[in-house]
1. Given R₀ = 35 Å, FRET efficiency for residue 56-residue 77 by Cβ-Cβ distance, to 0.05?
2. Taking 7 Å along the Cα-to-C-beta vector as the label spot, tell me the residue 141-residue 33 distance in nanometres, rounded to one decimal.
3. At 7 Å along Cα-to-Cβ for each site, give me the label-to-label distance between residue 159 and residue 46 in nm.
4. Give the calculated FRET efficiency between residue 67 and residue 18 to the nearest 0.05, with a Förster radius of 22 Å applied to their Cβ-Cβ distance.
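Nothing in this text is a laboratory measurement; each read-out follows from the coordinates by a stated rule. In this text, all values refer to a predicted model and were calculated from it rather than measured experimentally. Virtual Cβ from ideal backbone geometry, glycine too; neighbours counted across all protein chains shown.
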């Protein structure tokens, strides 16, 4: 007799998948516009589902926030997996991380305040640091990036990124902070004779 598949590991039905995606989209939008304290009922209404559906997918506000951050990590992993070893790989991955901070920066700050040390995202930063380091290798080999970057370089870089961008009062403010932060970081990372293109953000 085979063991039944645990409920949490069963594939979602198509309507359940759509509901979950709609809830994440609605939460990302409302958290960005109005902050982490937006009522859960409004998230459900914006997603076009009932409160029961919301609570079945995300029983707590923190679980909804965690799902949004995991979605962002999935975007980073997917881009890294698609990259093919070009000198531009690092800039692409770095710009994606900036865009995610612009979208979720206010949420990240609120979660850190509410959850204390458990909201410091240390494990996520370690993984992203490895992704950054791998993506930087083609630029280093091409003589475009300084060769002394390490895992710790990108850990510190992410902490600086969080401090620079999460304090923005709106997505527009965070976007302006991101543009300034990018120019400063690339001035430090790229070798002097290498020109770098401004971010398209």
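1. On the way: r = 27 Å, r/R0 = 0.76.
The pair residue 56/residue 77 has a calculated efficiency of 0.85.
2. Roughly 4.6 nm, to one decimal.
3. 3.2 nm
4. Efficiency computed from Cβ-Cβ geometry: 0.90.
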